[in-house]
Amino acid sequence: MARLYVGNLDPRVTARELEDEFRTFGVLRSVWVARKPPGFAFIDFDDKRDAEDAIRDIDGKNGWRVELSRNASSGRGGRDRSRQWKAPKQEPQPQP
């Protein structure tokens, strides 16, 4: 599986519109469109090669930024709240 990040989206874009645009490259597992804040989406492809083809053809089209997601390691579609970003722990400073 490969997850794409799609940025610079019009806030009115729908999941269906993205499905129509991206499904020509291969089997989609899921499409999630952000609403708060709007302007980006994640698209999961069954095959990484299909995702790479989509990047080559769609990046820059309609002003969109399309790239492999930097956090595609979960291997699951949708939100996984247990994997939300957390600030790194601070190491205690030695006392003089």
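The values are calculated or read from the model by the stated rules, or taken from the named source; none is laboratory data. On a predicted model such as this, the values are computed, not experimentally measured, just so you know. Neighbour counts run over all protein chains shown; Cβ positions are idealised from the backbone, glycine included.
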| field | Index of the failed condition, ARG29 passing every other in (1) modelled with pLDDT under 95; (2) in contact with a Gly (Cβ under 8 Å, 6 or more places away or on another chain) | value | (1)
| request: Filter region 19-42 for residues that are of a type in the set (Ser, Thr, Tyr) and surrounded by 13 or more Cβ atoms within 10 Å (Cβ to Cβ) and give the result. | output: SER30
| task | Those residues that are assigned to a loop (DSSP other than H, G, I, E, B) and either loosely packed, with under 14 Cβ neighbours inside 10 Å or among the β-branched types (Val, Ile, Thr) (or both), I need them from region 60-76; list them, please. | result | GLY60, ARG70, ASN71, SER73, GLY75, ARG76
| note | For region 1-20, the count of residues that are within 13 Å of ALA41 (Cα to Cα) and either of a type in the set (Phe, Trp, Tyr) or outside any loop (DSSP other than H, G, I, E, B) (or both) equals 10
